[in-house]
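Everything on this sheet refers to the single structure shown next.
The values are calculated or read from the model by the stated rules, or taken from the named source; none is laboratory data. Since the model is a prediction, treat every value here as computed from it, not as a measurement. Reconstructed Cβ throughout: ideal geometry from the backbone, glycine too, with neighbour counts over all protein chains shown.
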């Protein structure tokens, strides 16, 4: 099922077969650049990380907007803005966790960060 969610960003509408039965793949957003991680909010919205450092919010109707507040990201090689986690208690705490590459000395290192999503869902605090 996760594979089907990841595949929906790049493929036109089609049916696929799996060992668990038929899957239907639909395009839900356009204009993404190297999407990397997906976090599903209780509201039905999806937070999407892009390798270059953008965090986007996809609403259930297909609207895509940028979430402000991502700090400095080292986007070289396998670095960039990586995965995002929406914890089970998101509705009460509004906390998110994400991984990213950050400048460190003469190179980069992988870091984990915690932030709160603003009530409007348009910025990290």
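Please give the number of the condition residue 69 fails out of (1) surrounded by fewer than 19 Cβ atoms within 10 Å (Cβ to Cβ); (2) on the phi < 0 side of the Ramachandran plot; (3) in contact with a strand residue (DSSP E or B) (Cβ under 8 Å, 6 or more places away or on another chain); (4) modelled with pLDDT of 95 or more.
Among (1) surrounded by fewer than 19 Cβ atoms within 10 Å (Cβ to Cβ); (2) on the phi < 0 side of the Ramachandran plot; (3) in contact with a strand residue (DSSP E or B) (Cβ under 8 Å, 6 or more places away or on another chain); (4) modelled with pLDDT of 95 or more, residue 69 violates only (2).
Among the residues in segment 93-114, are any part of a loop (DSSP other than H, G, I, E, B), modelled with pLDDT under 95 and at positive phi? First the steps, then the outcome.
Our first condition is that a residue be part of a loop (DSSP other than H, G, I, E, B); within segment 93-114, this holds for 94, 105-106.
When the remaining residues are screened for being modelled with pLDDT under 95, the result is 105-106.
Among the residues that remain, those that are also at positive phi are: 105.
Yes, there is a match, as at least one residue in segment 93-114 is part of a loop (DSSP other than H, G, I, E, B), modelled with pLDDT under 95 and at positive phi.
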